[in-house]
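Nothing in this text is a laboratory measurement; each read-out follows from the coordinates by a stated rule. Remember, predicted model here, so these are calculated numbers, not experimental data. Here the Cβ is made from the backbone with ideal geometry for all residues, glycine too, and neighbour counts use every protein chain on show.
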């Protein structure tokens, strides 16, 4: 199965591009929300440009990357179905389900914002933007170590990472409150 490594390579390439979209799209959502709070003509000019950028990122990069990463993953799981019984893979797939949920929620937010419906705050988007970071850390550690025996340390590490990310968001907010151009 020499071609298995080609499939794995393609899977990883599309994982990277999928995550790139998932990292950036909530940031664009945040900018759209901020633009909606500006006065005219800035609101329209920025809003239209950000909506276009978001649409291109979401439809041309993020969605196709998710589909292709999933396709190559399913093919690899079909070719190596025994791996499904490995405890680390079962936990990894649990995180993948969370990633799909995050993706579909982003799609819902995308559709709302494209329709001019602003239900979320920029503060929410800053926190929301950290979701894929936590999933990425968990999945990478599971795939590389293939270990579930130290799951308590892994969970503690994820909680610590989440706390550090929230503190970073809070620090950035305080810096931005002091200097709005930061």
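Each of 34, 130, 40 was scored by other Cβ atoms within 10 Å of its Cβ. Listed from fewest to most, they are 40, 34, 130. Could you tell me the center-to-center distance, by alpha carbons, between the stretch 31-60 and the stretch 1-30 in angstrom? First find each Cα centre; the distance between them is then 25 Å.
For the chain, what is the convex hull (Cα atoms) projected area averaged across all directions, in square nanometres? Value for the chain: 11.8 nm².
Subtracting the Cα-Cα distance of residue 104 and residue 166 from 0.36 nm times their residue separation leaves 20.0 nm of extension gain. Think of it as helices only: each DSSP H run of n ≥ 4 in the chain is worth -39500 (n - 2.57), and spread over all residues that comes to -27500 deg cm²/dmol at 222 nm. Modelled spin-label separation between residue 70 and residue 36, with each label point placed 7 Å from Cα along the Cα-to-Cβ direction: 2.7 nm. Considering only C-alpha atoms, what is the centroid distance from the stretch 153-179 to the stretch 81-118, in Å? So the two Cα centres are separated by 23 Å.
When Rg and Dmax are taken over the Cα atoms of the stretch 10-69, they come to 13.6, 45 Å.
In the chain, Cα pairs under 8 Å separated by at least six residues give a relative contact order of 28 percent. Sorting 96, 25, 16, 139 from the fewest to the most surrounding beta carbons within 10 angstrom yields 16, 96, 139, 25. Length gained on full extension, residue 6 to residue 85: 26.1 nm, using 0.36 nm per residue less the C-alpha separation. Residues 176, 126, 43, ranked from the fewest to the most other C-beta atoms within 10 Å, line up as 176, 43, 126. With r defined as the distance between the Cβ atoms of residue 52 and residue 153 and R0 fixed at 41 Å, what FRET efficiency is calculated, to the nearest 0.05? Here the calculated transfer efficiency is 0.40.
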